[in-house]
Amino acid sequence: MEDSSSRPSSSILERVRLFASGKCSGESHDSAERIEITSNTKKADVLQNGDQASMEVDYPDFTVQDELSSVTLIIESHKLYVHREVLAAWSPVFKAMFTRDFKEKEMSEIELPDKKLDDFVELLYCMYPPIKSVSDSNVHQLLPLAEEYQILEVKKKCEEFLLTKPGSIELLVTAQAYGLQNLLTKCIQHARYRTFADLQKDPFYKKLEMGNLIRILELRVLDLETSMEQNKKAANERELKLYGFLNDLATGYGYFCSECKSRRVNDTCFNCLKMFREKVKTKFEEAKAYRSSHPCY
Ligand SMILES: [Zn+2]
């Protein structure tokens, strides 16, 4: 490993070439592969894999012109020097813009009036090596742009990142906005186990599309019907069992009485009544234990 600060940076397109050939992975490579500085890069501190060790990564500086940059994007009065080929390789929207008869085809400067500079630079970091990872800090910048420019790879990475989060209604709303099907399925599964009252209290509840709300409620009704059926069955079994305990008492048979020599409860014999009282207590304890081990919901 060599010190990255002493390693010469390569031009943006050279980095793309090295990345494509698998030689630009951040590790040191053969000196023959090194390219002299032809373009500036700027350093950014990033946290890798969530650990606390920050490492410096050189991301391209798009504000500095590269001798091969072929188009200039103007966002919030700032110029970003980029390459048609790179943008077109990632985005069918840019590809159409640069190849079909759009007015942008011949233009060397394209203004993107409704875009934010920081958001667009984040998107470019995900298109130029070293490809930046999706994180909490950039996912909501990347998604709308990846959607607008149909950059499926970036969209997929955003979805993979969001799938590592616990399901929520907020994420469900994001999934429905950008058509992220796996995330949508996960969040609907999360929502089906919440009570309807709880769901309605969620700040994102009102943003649920009707179709998704219906899907959640359908699943919830099915779950409730299944648990109602199970409870009905359990309640019937419990009733039968408790009825059995009462029946035991009602039939009134005691034990052979050593005092009056009777095999049935003799209500004129103190010993018979005492034995019967013991039996009532025992049956009551049995019924109580049964009830607590077979609760109804
Ligand atoms: Zn007796």
Return the residue satisfying two criteria in turn: it lies in the stretch 238-253 and is touching a residue at least 40 places away in the same chain (Cβ under 8 Å) and within 51 Å of the chain's Cα centre (by Cα), and of such residues it is farthest from the ligand (Cβ to nearest atom). ARG238
If we scan the stretch 222-233, do we find a residue that is away from the ligand (no atom under 16 Å from the Cβ) and basic (Lys, Arg)? yes
Confirm whether THR63 is over 20 Å from ILE151 (Cα atoms), surrounded by fewer than 14 Cβ atoms within 10 Å (Cβ to Cβ) and of a type in the set (Val, Ile, Thr). yes
Based on what the data block shows, is ILE74 over 24 Å from LYS157 (Cα atoms), touching a Leu at 6+ places or on another chain (Cβ under 6 Å) and not in a helix (DSSP H, G or I)? no
The lone condition GLN189 fails out of (1) more than 16 Å from the ligand (Cβ to nearest atom); (2) in contact with an Asp or Glu (Cβ under 7 Å, 6 or more places away or on another chain) is (2)
For the stretch 191-204, give me each residue that is acidic (Asp, Glu) and assigned to a helix (DSSP H, G or I). ASP198
Which is surrounded by 12 or more Cβ atoms within 10 Å (Cβ to Cβ) and free of Cβ contacts under 8 Å to residues at least 12 places away in the same chain, of LYS283, LYS232, LYS274? LYS274
Which residue is nearest to the ligand (Cβ to nearest atom), if the candidates are limited to the stretch 254-285 and must be among the basic types (Lys, Arg) and part of a helix (DSSP H, G or I)? LYS274
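Every number here is computed from the coordinates shown, using simple stated rules; none is lab data. Computed from a predicted structure; not experimentally measured. Quick reminder, even Gly has a Cβ in these numbers, built from the backbone with ideal geometry, and neighbours come from all protein chains shown.
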